[in-house]
Each structure stands twice: as structure tokens, then as C-alpha cells.
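Structure, as C-alpha cells:
The values are calculated or read from the model by the stated rules, or taken from the named source; none is laboratory data. Keep in mind the model is a prediction, meaning the values are calculated, not measured. Neighbour counts run over all protein chains shown; Cβ positions are idealised from the backbone, glycine included. The accessibility values were calculated without ligands, DNA or RNA, using every heavy atom of the protein model including side chains. Shrake-Rupley method; radii C 1.70, N 1.55, O 1.52, S 1.80 Å.
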Amino acid sequence: MKKVKRILGGGGRFIVLLFLIAVTFSYAMFQGGFVSWFLFYSISPFLLYSLLLSFARIHIGEVQREIKPSKLHRGDSASVTISFQNKSWFPFVFLTVKELGSTTGPSQIFIAGWKRKFEWTYELQNVERGAIHFNGLHVTITDFFGWTIRNKFIEENKTILVYPKISEIKYKPFQFQFEYGNMNAPFSMVKDSTLVNGVRDYQAGDKFSWIHWKSFAKSETLRTKEFEDRQTQELMLVLDQSSEKNFDDVVDLAASIVTSVVKNHGDISFLSTGKKDYYFPRIKNHNQLEKVMQHLATTQPTPNKSVEAVLANKVGFINSAALIIVTGEITEQLKQFFAKSSNFTRGVVCFEVTNKEKHNRSISNVKVIPLSKGKFEQAFTEVMKP
């Protein structure tokens, strides 16, 4: 059967068509009579049309594709409208148009005739995060009985990004402590070591660099500089891409946190720990946020790269900010890393995206907050709970 199809394809169809013309004409000539000539004249227009279609020039142009809405998020539906014009001089009976691209392209059949303009709309349901590529159209033209089949590929490239799903999170500023005391809770004040407002008696545990040497030279009594207290709302968000569990939901939560903080004029930086590290410092405006969203639209998990290694190498970036980690799974390696690390004693918040009901807990100096995808709106509220 496959061999027959190969023979009938392309030039084979044209040979079959000539054979049908010869057979019907020969039958009318040798048989004679009204019936045989009526059969020949009845089928001749269809055979002639098929013969001309084999040589007709196909010109399809002015292809346009409109997608509504123009910006898509995971789970959305979109309406795709395709329009094109038939600029060929030859009338076509049937036009079958199929969408080509990364999506499973639907098709549409048109009864063309002399019609020039065509429009076709179809729906994309529940789109997934990532890039949707539209490569063009595959147009198939046939005669009445499928004796002649012509194909034409029309290149019309277009790519749209499907962004993560954004949840409305009520933003509440974090307050972290630097250079003062032992921090087990992620909320305190910042000691700004550049602004000295006085001196006090030395206390055990004060840093050597805080000693006021001028007063010591005069009184031979150890005194310590006092610094101004300053609140900080700076956040460092880290996306753990080493786990494949609930990864799309993990990306949704990270995108929602960044969007909420920027929308409320907070101070946030973002670090993505994929195959290649991407660092976005101080995201303040729409353009910076858009670059983060474009990255999150296409990023994928990287199981062979541990988040612990990235955190160990990026201490300089996160040393003066509240650290937030978003992950799909807290592994034993990550637990051991925080238990052994002394670089994050100021406190860390870790959101674990899960499908199971879990309670908030602490691992070393890390506050772990399990969140299901239906409770992302409560993220900052859960952080503020004791």
C-alpha cells in the first residue's frame, strides 16, 4: 500500500490523470453510441480541470496572524486569527490550510472558487509556560475527486512567550539585621556602620572594628561606636532549579513575588540557578521586570546543578539582603548546607512549593514555609507569623 501511494504521489498522479483521459476517449471511440460519448463529455471537464491544476501557478500572499490577548500567562486561552489572500489566476475548488509550529496545528477546509480573501480563527486552550513558535502555513489544493493534489508551504514565523501565572500577593516589607547580634528571626534593624552617632561602654561580643580608639587613647577605657539604626527592605530572591518537582508552580511563585515587590516599590534582586546563572540586581521599573519575566517564561529545571553550590559562590550578592529561596523540594543536601553554613546567620526564608499539607518549620536558621499553588497569595503573610 505504501508503495502504491509513493507511485501515485507527485508525477504519478499526473500519469494516472493522462491515463484516465486516454481510457475514456478510447472507450467512446471504439464503443460508440450515446452512453459512451455522454460518459466522456461528462467526465471531461473534471479531467481538464485536474490537468490544468497540475500546471497552475499557486500564489498565496499577505499572510497575517493575530493573537488575542497579546500577552499570555500559563493556563490562559488565546484566540488566533489567520488571514491570507489567494492571488492566483486559477480558481481553486478546495483549500486545506494547516498551521505549522510548536503547537499541534489545527486545519481548516475552504471552498474557494474565485474567492480571494480568507480568514480563519481557532483557539489555544490552557497554554503552557514557554515559547510558542508559529512557522507558517501548509496549504493543500485538490480538485473535485482528489486526482490532482498541490502543496504549498508559506513561511510566516512568529514567536510568543507564555509567561508564568501571576498570583496577587499582598506585599509586606521584610526587616533584617546586619552586623549586630545573633539573628535567628528574619526581622530586625540594620546597623549602618557608616553613620556613627555616639559611643558607649564596651560589651562582650562587640566587633573589634567598632572600638573607638580615640576615646581609648584619652581614658584608657574601651568604648564602642554606636551606629544609626536603619531599616532595610532589600530582598534577594533565589530560584532553585535543581528540583523538577512542581517546577512550573515554583516559577509561578517566584514571578508573583518579584511582581508584587516591584509593584509596591520594594527593593528586590533576583538570582536564577539554572544551567547558566542569571542575576538581575535591584529590579525597580517595568523594563527590568519584563526582562525577568522573559527569563522565567523559558527557564527549565537543571537537576545536575545544585543550588547549594550557587549559594556558596554568590555570598557577595546576598550578604546584605533578606534571602528568599523558592524551591520544589528541600533536599537533605540543602538541609546540611544550611546547618553547616555560617554565611546566612541573619536568617533565610525558604518557600517550598508542595501538593501536600505541611506546617511551617525551621531548619537551622532557615524558616521553611510550605505553600500549595492555591495559597501563593498568603506567602508574605506566612513569613510574618511567629
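Before moving on, here are some points about what is shown:
- Out of G101, G130, G136, sole residue that is under 30 Å from V292 (Cα atoms), in contact with an Asp or Glu (Cβ under 9 Å, 6 or more places away or on another chain), surrounded by 14 or more Cβ atoms within 10 Å (Cβ to Cβ) and not aliphatic (A, V, I, L, M): G136
- Given (1) open to solvent by less than 20 Å² (accessible area, probe 1.4 Å); (2) in a helix (DSSP H, G or I); (3) under 23 Å from K373 (Cα atoms); (4) β-branched (V, I, T), number of the condition I325 does not satisfy: (2)
- Residue selected from segment 49-73 under the condition farther than 29 Å from F144 by Cα and not charged (D, E, K, R), by the criterion modelled with the lowest pLDDT: S70
- Of all residue pairs spaced 6 or more apart or on separate chains, those with beta-carbon atoms under 6 Å, a first member in segment 153-167 that is on the phi < 0 side of the Ramachandran plot and open to solvent by less than 40 Å² (accessible area, probe 1.4 Å) and a second member that is of a type in the set (V, I, T) and outside any strand (DSSP E or B) are V162/V127; P164/V251.
- From E308, E226, residue being closer than 26 Å to K373 by Cβ, modelled with pLDDT under 90 and open to solvent by 10 Å² or more (accessible area, probe 1.4 Å): E308
- Note on segment 256-287: among residues that are out of contact with any Phe, Trp or Tyr (no Cβ under 7 Å at 6 or more places or on another chain) and assigned to a helix (DSSP H, G or I), the one that is surrounded by the most Cβ atoms within 10 Å (Cβ to Cβ) is I257.
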